[in-house]
Amino acid sequence: MAKIKIDHRKCTGCRLCEMACSLQHVENTFQPSRSRIRVFVHENLYFPVIAGPYTEAACNLQHVTMVDGQEFDACIFCRASCPVKPIFKEPDTGIPLKCDFCGEPPDPQCVSVCMNEALVLVEEEENKPQEKAG
Amino acid sequence: MDGWVGKILRVDLTTGNCTEEDLDLGLAKKFVGGSGLGTKILYDEIDPNIDALSPENKLIFATGPLTGTGAICGSRYMVITKSPLTDCVTSSNSGGYFGPELKFAGYDMIIFEGKAPEPIYLTVFDHQVELRSAKHLWGKDVPEVEKCIRSEASSPWEAEGTKILSIGQAGENLVKMSCIMNDTTRALGRSGVGAVMGSKNLKAVAVRGRKGVRVYDSQGFKDEMHAFLKDMQEVESIGWKARFNFGTWVIIQAMVNMRMLPTRNFQAGIIEGVPTPPEMREQILVKERSCFSCPFAGGRGSRITDPEFEGEGEGPEHESYTMLGPNCGITDLAAVTKASYICNEKGMDTISTGSTIACTMELYERGYIPEKDVPFPIRFGDKYAMVKLVEMMATREGIGDLLAEGSYRLAEHYGQPDVSMTVKKHEMPALHPQGYQGLALSYSTSNRGACHTKCNMVFGKRFEVEGTAELVKKGQDYTALLDAAGACWSIYSATRYLDDHLVRALETCTGAGYTKEVAMRTGERIYNLQRLFNLRAGITGNDDTLPRRILETPLLDGDNEGKVVMLGKMLPEYYQLRGWDKSGVPTPGKLEELGLTEEGGLLWQK
Ligand code: SF4
Ligand code: SF4
Ligand code: SF4
């Protein structure tokens, strides 16, 4: 089973992945707000996050994540389409967005334009149990 | 409408009125966008003879159709205004994320006019436009301004998603080489555009948007993206890996190899002790950074550990290193990096800043500056003096006040205008023109004064005069097109190989009928329109020249030995190829051919 492997240290913040994803899902249009992958950019940190399941309510838990020696609000790296986040929602309707792996078989457009190998498609031989959506 | 988003935002700073206008599609096709459409609007709306720092000047931020698309390196936007440094029309270009975000917020362009009664900044969030007081931001430098504005956002994604341009203290102080910074370390760099913004009491613009940019032929566009990425991996001359590893530092090495690294105010073309790209990488690099849609990641997130000059930021790029370093007789990477950080924070063009300091050093060493005028000796090679002078220029402290006027006015003040290494009062960049005849011709004729970004870098044989005029003309027209389209000069001018990619991206993006021929003609039209503006502003063919030293005193190093610039030979041929008369004025026939008859009429109307 194929997986996208993200190595944020290799990401340079070009956002071509956002561009490719939105062109794939929105007719004739480049629109990062409708992309299923978003890259968080802060100084020297570039962190791609791929949209996962929708959640109705925010977690109660408050926590921080250390990345490359800096503390960040953990919600930044969470893939849920969640009420506390302005991303992973259709801007006009609020309908949650979720990565669909660009169809079946997977043809991830984001990976196809990531020249720096921050996103790579890896094949895994044995089928591991899939995470539940929703 | 494809490529263009179709709206212009006009902000009258005097009254606070913000209005939305439809983009005229006919004009857009004719002038594309960016510097092309921006120059057209400036040409139509202001008298080129006005004082650049008066409320009558306008400040136009313009994207191109490729800005904010997946076009490779489609990150660029431009500011178009009359320059206070040169009195020419200028178009300064920047990458980062601001330009694309402006289009996502729904605008191709923002036109600022008038002058705000007190400091303000503009926010544009999805067509929601608001002018806010910037009293609390005035006096602050660029990183702090961005931090302050971001602190108002309700989530980290919104904070970081807000893209900001601003001026630092230099722009507020009307420093004639001040720039406008976006994304903290990217600059709309040259010609003093920051001072124009400062003169309008406009501190910053913050944009955020969720809209999209439509393209005409989605499949064709996508194919072109992938064709580019494929070539990038396969064609050596595009230099992908070298750019990724070393950014523009590879140019420093090339200049060292060719002995055309401006040294001690252009008196030489080489200096001992310049670190190699791998050494620079090892000493200061923290992170390779991209602009929007750019896989090359030539931006250098960097850090200085030397306790004397400690700091963190981005760069220095080739231009910054050379002009603040070797051109001032300095090679110390830490000191130069520090100076370049200060320039970024205060919002100052590193090229003009470095060149003006070098000019000061030469004037001082030759005894033209009396001791009473200087707070400390200002000699070539003195890194402490250099760093200190950068600060003094930004705040106009002491002799910094005079330096802030640029090297031409400084040298003229001391009765030695020939010591200023400028064309049309614009400091020459970090490629020594005596090492390339074509480069020299492009500096002398460039519409914004000496500049490396207004002509293709490929010049054929270095010392050959034959055929050079034609290469320069073509390079300038092509670059005018690039600047209008919203693509990155640094990449698309690296090799002629990329012309086709640009035209294909532009055509699949807009569907406006840009064949290669139409596209190049469009570039030529834009170039001629800029020329018309300058002629009306009183800049003539007599100004198409170079500093006397470059024309008369040969360099002593390597291949350049004994070479001076043969401008007298190249210029008449260049004018002829351009369809201009002997004094460098476009002929009515040429203007008619380019569809500029009406614009040309204003020249003779005076
Ligand atoms: S395409 Fe790759 S390098 Fe570029 S932003 Fe996306 S993940 Fe990062
Ligand atoms: S963004 Fe993720 S971590 Fe944060 S509250 Fe929502 S679901 Fe929880
Ligand atoms: S795999 Fe497809 S849907 Fe998922 S983030 Fe990448 S481009 Fe978007």
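Among B:Lys372, B:Lys222, what is the fewest-to-most ranking by other Cβ atoms within 10 Å? The partial results should precede the final answer.
Numbers: B:Lys372 5, B:Lys222 20.
Arranged by neighbour count, lowest to highest, B:Lys372, B:Lys222 become B:Lys372, B:Lys222.
For chain B, return all DSSP H helices satisfying: extent of Cα atoms along own axis at least 18 Å; mean Kyte-Doolittle hydropathy at least 0.5.
Values: long enough: B:218-234 (24 Å, -1.07); B:333-346 (20 Å, 0.20); B:350-365 (22 Å, 0.37); B:383-395 (19 Å, 0.63); B:468-485 (25 Å, -0.12); B:516-536 (30 Å, -0.72).
Length and hydropathy pass: B:383-395.
Counting other C-beta atoms within 10 Å, which of B:Ser583, B:Ser54 has the fewest, and how do the rest follow?
In order of increasing Cβ crowding within 10 Å: B:Ser583, B:Ser54.
Using only alpha carbon pairs under 8 Å that are at least six residues apart, calculate the relative contact order of segment B:7-208 and give it in whole percent.
Relative contact order of segment B:7-208: 22 percent.
If the rule is a partner Cβ under 4.7 Å, which cysteines in chain A fail it?
Result for chain A is A:Cys11, A:Cys14, A:Cys21, A:Cys59, A:Cys75, A:Cys78, A:Cys82, A:Cys99, A:Cys102, A:Cys114, no neighbouring Cys Cβ within the cutoff.
Can you tell me, using C-alpha contacts under 8 Å and at least 6 residues apart, the relative contact order of segment B:194-274 as a whole percent?
Details: 27 pairs, mean separation 8.2, N = 81.
Result for segment B:194-274 is 10 percent.
Multiply the residue gap between B:Glu464 and B:Thr14 by 0.36 nm, knock off their C-alpha separation, and tell me the result in nm, one decimal place.
Computed gain between B:Glu464 and B:Thr14 is 156.7 nm.
Could you give the length gained on full extension between B:Glu397 and B:Gln416, defined as 0.36 nm per residue of separation minus the Cα-Cα distance, in nm?
On the way: separation 19, 0.36 × 19 = 6.84 nm, distance 2.25 nm.
Using 0.36 nm per residue and subtracting the Cα-Cα distance, I get 4.6 nm.
For a quick check: sort B:Val5, A:Val120 by the number of other beta carbons within 10 angstrom, fewest at the front. Before the final figure, lay out the partial values.
Working: B:Val5 25, A:Val120 14.
Result, fewest neighbours first: A:Val120, B:Val5.
Could you estimate the translational diffusion coefficient of segment B:448-606 from the Stokes-Einstein equation, with Rh from the Kirkwood formula over C-alpha pairs, at 10 °C and 1.306 mPa s, in whole µm²/s? Mind dumping the intermediate values first?
Numbers: Rh = 17.1 Å.
After rounding, the answer is 93 µm²/s.
Across the protein assembly as shown, what fraction of all alpha-carbon pairs, as a whole percent, falls in each successive 20 Å bin from zero upward?
18, 54, 26, 3, 0
Between B:Thr276 and B:Ser237, how many nm apart are label points set 7 Å from Cα along the C-beta direction?
The two pseudo-label positions are separated by 2.6 nm.
Per the helix-only calculation at 222 nm, which mean residue ellipticity applies to chain B, given -39500 (n - 2.57) for every DSSP H run of n ≥ 4 and division by its residues, nearest 500 deg cm²/dmol?
-12000 deg cm²/dmol
Give me a comma-separated list of calculated 3J(HN,Hα) values for segment B:56-66, in order, Karplus coefficients 6.51, -1.76, 1.60 applied at θ = phi - 60°, integers in Hz, x for any Gly or Pro.
5, 5, 10, 10, 10, 9, 10, 8, x, x, 7
What is segment A:2-123's relative contact order, in percent, from Cα pairs under 8 angstrom and six or more apart in sequence? Can you show the working numbers first?
Numbers: 212 pairs, mean separation 43.0, N = 122.
Once divided by the residue count of segment A:2-123, the mean separation gives 35 percent.
Could you give the nm distance between label points at B:Asp559 and B:Glu56, where each point is 7 Å from its Cα heading toward the beta carbon?
The modelled label-to-label distance comes out at 4.8 nm.
With label points built 7 Å along Cα→Cβ from the Cα atoms of B:Lys372 and A:Thr55, find their separation and express it in nm.
7.3
Using a Förster radius of 60 Å, what is the FRET efficiency between A:His63 and B:Gln283 based on their Cβ-Cβ separation? Nearest 0.05, please.
0.95
What shape does segment B:7-208 have by the C-alpha gyration tensor, where a ≥ b ≥ c are the square roots of the eigenvalues, rounded means a/c under 1.5, and otherwise prolate means a/b greater than b/c and oblate the rest?
Working: a/c = 1.41, a/b = 1.07, b/c = 1.32.
Judged from the Cα gyration tensor, segment B:7-208 comes out rounded (a/c under 1.5).
Readers should treat all values here as calculations from the given coordinates under stated rules, not as data from a laboratory. What you see is a predicted model, and the numbers here were worked out from it, not measured in a lab. As a convention, Cβ positions derive from the backbone with ideal geometry for all residues, glycine included, and neighbour counts pool all protein chains shown.
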